[in-house]
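Remarks on the structure that follows.
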Amino acid sequence: MAARSGSEFLGRLAAARVHVQIQGETLTGGVADHPAFRNVVRSYAELYDMQHDPAYRDVLTYPSPVTGDPVATAFLAPRTPQDLVKRRQASKLWADRSLGMLGRTGDYLNSALMALASAQEWFAQADPRFGENIRRYYEQVREEDLLCTHTLIPPQANRAVPGSQQAAGSLMAHITREDDNGIVLRGARMLATIGPFADELLVFPSTVLRNDPADKQYSFACAIPNDAPGLRYIAREPLDYGRPGHDHPLGSRFEEPDAVVVFDDVHVPYERCFALGDAELCNGFYLETSAVAHMTHQVLTRTTAKTEYILGLVSLLTQAIGIEQFQHVQADVAEIITTLETMRALLRAAEADAALNQFGVLTPAWAPLNTARNLYPRLYQRFPEIVRKLGASGLMATPTEADVTGPAAADIETYLQSATLGGADRVRLFRLAWDTCISAFSGRQALYEYYFFGDPVRMASAYVSGYDREPYKAAVRAFLDRG
């Protein structure tokens, strides 16, 4: 196989028997046609179709080193600056398609698998089989173009104690036993975005584990087929309400489900395990392999696309209602431009300062990427606020498509016109602004961006502790000594 088309993606999903609990309903298949998922599933299918579009395929694919067939660029292990640029261009094409609203497209975890597989010797230090396992798994996902999701954190039960101590350690997914063929997992994890329609679930380390016997059963990394026996998803309430694209232009297309994952004695064969019982290996899983750098490179590309969308939306809005000339409005627009150019500069710096890691993979510089992932979760929170402020009461005067094309059409055209748009077009623009800043979909987007990499406070602590400030302290001491 090679890079999938949209129909191939939908065909595989139709054959899967993923167990999903949603709004009191139990699904064991049929996810692609369920009202909660069918629209976003088709948005994903459009991304896979782009891989075969002559306008995009040279960027979105490259020849498989095994078959020569085209495979997704996100699997490309970069060796040259041109490779790194191609990876970014491919991610940007997909991100632009969804205005940056789809946060779990395949290129995110494909980037992680590329880095992890390139570091197979690092996994092999614990057991040579783990190195072979991660390499073979990466090649399978690449050649079959599988869509992966992942699950990281324990259920949010009692954050005052470690996950291994909550409910006597039974809540957090853990290894209950091993047999001749693999391990058995029981417990739960959060928060598998797109879980209900992914092909594979990656159960990767997240929280820092102590290197003692108590954490051994929680120290593992593995991959599980999404319809494996005993694997269940509990999905949150869907934010796609089945409304027309005119009324919910973002939510009706890009509503990615989030889900709690329940492991009810799920058996995982050894060949799908990448780390077992080794807390030190799990704690270095992302940083030591450079996986976090390549994942963040994709994320920064996506958030740049998202910021470009916000700037375009706000510019159309201020133009439509004739407020661009006011200085306080210009200050808000300048804030968005500043954020956009900051993200672009950090992305450029990460690529310009890229270096080969110990495994021969050209890796974007971590300092600018780490800066971006600490900045953007906070900066994005201002965007919905700015759109709300500039749209003001106009965001409340947003009739539906049925009104725009129905008996109220003449009144809407007359009374809801703007400086540059007729009534129907103004309503369409303001429905988009509403879905960006007020709707339930927009609220989930703000929360998602805020916690994308984890608790921003903990991230800030890690940022400070990991930053080398000694040269700057030495400079100040030298100045004082000169006196």
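Working note: Karplus 6.51/-1.76/1.60 with θ = phi - 60° gives segment 466-483 the couplings x, 8, 7, 9, 4, x, 6, 5, 5, 5, 5, 4, 5, 5, 5, 5, 4, x Hz, where Gly and Pro are set to x. A Cβ-based charge dipole, computed about the Cα centre of the chain with Lys and Arg at +1 and Asp and Glu at -1, lands at about 980 debye.
Report for segment 6-283 the percent antiparallel among DSSP-assigned beta bridges with both residues inside it, nearest 5. Each step should come with its number before you reach the end.
Details: 32 of 39 bridges.
Here the antiparallel bridges make up roughly 80 percent for segment 6-283.
Taken about its Cα centre, segment 1-153 carries a charge dipole of roughly 240 debye when the Cβ of each Lys and Arg holds +1 and the Cβ of each Asp and Glu holds -1.
When the C-alpha to C-alpha distance is required to be over 31 Å, the pairs from LYS86/LYS306; LYS389/LYS473; LYS86/LYS216 that qualify are LYS389/LYS473; LYS86/LYS216.
For segment 78-124, the set of trypsin sites (Lys or Arg not before Pro) satisfying both a DSSP loop assignment and a count of at most 15 other C-beta atoms within 10 Å is given as ARG79.
Computed per residue of the chain from DSSP H runs no shorter than four, each worth -39500 (n - 2.57), the mean residue ellipticity at 222 nm is -14500 deg cm²/dmol.
Counting other beta carbons within 10 Å of each residue's own, what order do THR342, THR105 fall into, fewest first?
On the way: THR342 17, THR105 22.
So the ranking, lowest neighbour count to highest, is THR342, THR105.
Database remark: amide H of HIS150 closer than 5 angstrom to the amide H of THR193, LEU202 (H placed geometrically; neighbours at sequence offset of 5 or more, or on other chains; Pro and chain starts carry no H). Here the residues GLU200, GLU256, ranked from fewest to most Cβ neighbours within 10 Å of their Cβ, fall in the order GLU200, GLU256.
Using mean Cβ contacts within 10 Å as the protection proxy, how do 405-415, 291-301, 222-232 order, highest first? Could you put the intermediate results ahead of the total?
Details: 405-415: 12.5, 291-301: 23.7, 222-232: 19.4.
Put in order of decreasing packing, that is 291-301, 222-232, 405-415.
Derived scalar couplings between HN and Hα for segment 82-94 equal 5, 4, 5, 5, 4, 4, 5, 4, 5, 4, 5, 4, 5 Hz in order, rounded to whole Hz, by the Karplus curve 6.51 cos²θ - 1.76 cosθ + 1.60 (θ = phi - 60°), x for Gly and Pro.
Cβ neighbours within 10 Å, averaged per peptide: list 446-455, 29-38 in order, most packed at the top. All intermediate terms of the calculation are to be shown ahead of the outcome.
On the way: 446-455: 16.2, 29-38: 18.7.
By packing density, highest mean first, the sequence is 29-38, 446-455.
When peptides 465-471, 270-276, 316-322 are sorted by average Cβ neighbour count within 10 Å, with the highest value leading, the order is 270-276, 316-322, 465-471.
Determine the sum of side-chain charges near LEU347: Lys and Arg each +1, Asp and Glu each -1, restricted to other residues whose C-beta is under 14 angstrom from that of LEU347.
Working: positive: ARG87, ARG88, LYS92, ARG302, LYS306, ARG344, ARG348, ARG373; negative: GLU308, GLU341, GLU351, ASP353.
Residues close to LEU347 contribute a combined charge of +4.
The simple spin-label model puts a point 7 Å past each Cα toward its Cβ; for ALA331 and ARG348 those points are separated by 2.8 nm. Each Lys or Arg adds one and each Asp or Glu takes one away; over the other residues whose Cβ falls under 12 Å from the Cβ of LEU209, this sums to -2.
Proximity of backbone amide H atoms, modeled 1.01 Å from N, is registered between MET172 and ALA188 at under 5 Å, excluding neighbours fewer than 5 places apart on the same chain. Think of the chain as a dipole: +1 on every Lys or Arg Cβ, -1 on every Asp or Glu Cβ, centred on the Cα centre; then among TYR138, PRO399, VAL329, VAL329 lies furthest on the positive end. Karplus-based coupling profile of segment 293-305, in residue order and whole Hz: 5, 6, 5, 5, 4, 5, 5, 5, 5, 5, 5, 5, 4, with θ = phi - 60° in 6.51 cos²θ - 1.76 cosθ + 1.60 and x standing for Gly or Pro. Once the chain from ALA160 to PHE359 is taken as fully extended at 0.36 nm per residue, the excess over their C-alpha distance is 67.8 nm. Under 5 Å from the amide H of PHE453 lies no amide H of any residue 5 or more positions distant or on a separate chain, with H modelled from the backbone and absent for Pro and chain starts.
Quick check for me: using +1 on Lys/Arg Cβ and -1 on Asp/Glu Cβ, what's the dipole size of segment 6-283 about its Cα centre, in debye to the nearest 20?
Details: 27 positive and 37 negative charges, 112 e Å.
With only Lys, Arg, Asp and Glu charged at Cβ, the dipole is about 540 debye.
Each reported figure results from applying straightforward, stated rules to the coordinates on display, with no laboratory input. Small disclaimer: the values here were computed from a predicted structure and weren't measured. Glycine also receives a Cβ, built like all others from the backbone with ideal geometry; neighbour counts cover every protein chain displayed.
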